[in-house]
Each structure stands twice: as structure tokens, then as C-alpha cells.
Amino acid sequence: MTSAINTKFGIFTGQQRFTQTENTIKSIRSRVPNSEIIFLEMSGLPLESEQKTQITNLVDLIIDYTGNSHVQDLYNSTDNWDVVKNVNEVTCFGQALRTLTADNRFENSKRIFKISGRYTLNDYFDIDLYHNPAIFDKFVLAKMRTSQFNTSITGGIVHQFMSRLWSWPQGRTVEVISVYDNMLNLMFDRLRKGGYIDIEHGLFRLLDHDHVHQVDLIGIQGNIGPNGVKVSD
């Protein structure tokens, strides 16, 4: 679970973001009681002591990147929320997967889900979907969407996979780490050329589509940070 609770970006206060994050965790516990929740905090501002205590009591593991020098440098280098959010998440998430894999944290896991904090699983989320042998070896994502950007911005990427909730079989974790390494290079390349891509466009470009299973509604909803618009995948 990726998170940025205390941040200068977006319309929600730290307390609002914290409450939304608690609701994310509660929705997971309600719909997948036997799940292990690993919480990645990636904001440029640290969790308050009480916030950290409360989160610790709700999840199985916290990985706190708020004091990381790269996170701090990026957070204070630009006012571009999209660049900070996407580059920061790609860097931290890739590193977390690398560390957790080295520590054999996923050894007993069949499937790993990435969920964005502040969003909640809804009635369209169906854990039984993932018990289907036909998709045991697949990345599972919400159905691809058309890009909102001109191809001159994205370097020719015309579709995207929403990243608020997606998953992969444990055996493909090394492949996901490679995707995130390559995604970071792709993001920097587009920025150098005056363009832009986010995680959603990066996933579409870099995931092996032969091993992707798309669903119309994956079962997650919430309000996006910059303007509070409600979204559902």
C-alpha cells in the first residue's frame, strides 16, 4: 500500500488524508481478512507520532521513506505535483519490492496487490476472481484507457493502465521490479525531451501484454488528490 499522508500537494489536509488512509486499510481488512498489509509512507513530511502509532496498529509492516534523501530532494525541488508523485512512487515502490524480495517477505504469498492509499475497495472488488487458475500467472489490471495526453507528450503511448489497484503473482515480482526500474528511466527521458508520462502510461508501455488480464471494474474508488474528483476503476 503506497501512501503520502502529510504533504503540501493536493486539496486535502493531513488529517483528511490520514482518515482516508485508515478507510483504505479497513476496506482491505473487511474484504480480504487474511491479507498482509505492507504500508509504504513516501511523503516529504514525516508521519506524526500519533499517526505512526495508529497506522502501526492497523498494518503488518511500515516502510517509512519520509527521511530518505532522494524523497526529500524531490519533494523540495519542484511544485509539480504529478512529477513528485510519480517519480517518488516509482523510486520508493521499486526499492521496497527489492528489499522485501531479498528478505523473503513474499515467500508465502501467492499474489501481491498494489493499492494506493486513500482509496477503498468497493462492492465490485471480487477476491474470488483471483482464485481462477486461468489468471494465476497473470498481471490483473482494470481495463486499459485511452491517454488524456497528446502522443507528442507521451512519446507515442496512446493507452494507460490505472495503477490505483493492480496485482501480480508472486513469481513475477522480479519482473515488476524491472518494470519499475525501466519506468523511472522512461520518465526521466520524457522529461528531458519536454514531455511527460506517469505510472499509468509506464505500465501500459512496459508490462508484457501477453501476461495481462484486464477486468472492466477492478473494484476501487476514492477522490484524487489535486482536485478531489471521485474516481472508480
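Things to note:
For every residue, the table says whether it meets (1) polar (S, T, N, Q); (2) surrounded by 14 or more Cβ atoms within 10 Å (Cβ to Cβ).
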| site | (1), (2) |
| --- | --- |
| Thr21 | yes, yes |
| Lys26 | no, no |
| Leu40 | no, yes |
| Thr53 | yes, no |
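- Of the numbered criteria (1) assigned to a loop (DSSP other than H, G, I, E, B); (2) surrounded by fewer than 15 Cβ atoms within 10 Å (Cβ to Cβ); (3) touching a Leu at 6+ places or on another chain (Cβ under 9 Å), the one Gly44 fails is (2).
- With respect to the stated conditions, Ser49 fails to be under 27 Å from Pro226 (Cβ atoms) and either out of contact with any His (no Cβ under 9 Å at 6 or more places or on another chain) or of a type in the set (Asp, Glu) (or both).
- When the range 67-87 is filtered for residues that are in contact (Cβ under 8 Å) with a residue 60 or more places away in the chain and either within 12 Å of Thr2 (Cβ to Cβ) or β-branched (Val, Ile, Thr) (or both), the ones remaining, listed by number, are Val83, Val84, Lys85, Asn86, Val87.
- All positions within the range 173-216 that are in contact with a Lys or Arg (Cβ under 6 Å, 6 or more places away or on another chain) and either surrounded by 18 or more Cβ atoms within 10 Å (Cβ to Cβ) or among the hydrophobic types (A, V, I, L, M, F, W, C) (or both): Ile177, Ile197
- Candidates Thr56, Thr66, filtered to the one that is among the hydroxyl-bearing types (Ser, Thr, Tyr) and modelled with pLDDT of 95 or more: Thr56
- Any chance Ser109 is over 28 Å from Asn227 (Cα atoms), in a loop (DSSP other than H, G, I, E, B) and polar (S, T, N, Q): yes
- Some residue of the range 80-102 being surrounded by fewer than 13 Cβ atoms within 10 Å (Cβ to Cβ) and assigned to a loop (DSSP other than H, G, I, E, B): no
- Among the candidates Ile55, Ile28, Ile5, the residue that is more than 16 Å from the chain's Cα centre (by Cα) and of a type in the set (A, V, I, L, M) is uniquely Ile55.
- Any strands (runs of 3 or more DSSP E) falling wholly within the range 143-233 and containing at least 3 residues that are modelled with pLDDT of 95 or more: 165-169, 212-215, 220-223
- Unique match (being at pLDDT 95 or above, in contact with a Ser or Thr (Cβ under 7 Å, 6 or more places away or on another chain), among the polar types (S, T, N, Q) and within 17 Å of Arg172 (Cα to Cα)) among Thr120, Thr101: Thr101
- Odd one out for Gly228, checked against (1) crowded, with 16+ Cβ neighbours inside 10 Å; (2) closer than 28 Å to Gln16 by Cα: (1)
- Within the range 133-172, tally of residues that are surrounded by 13 or more Cβ atoms within 10 Å (Cβ to Cβ) and of a type in the set (S, T, N, Q): 6
The values are calculated or read from the model by the stated rules, or taken from the named source; none is laboratory data. All values reported here derive from a predicted model rather than from experimental measurement. Note that each Cβ is placed from the backbone with ideal geometry, even for glycine, and that neighbours are counted across all protein chains shown.
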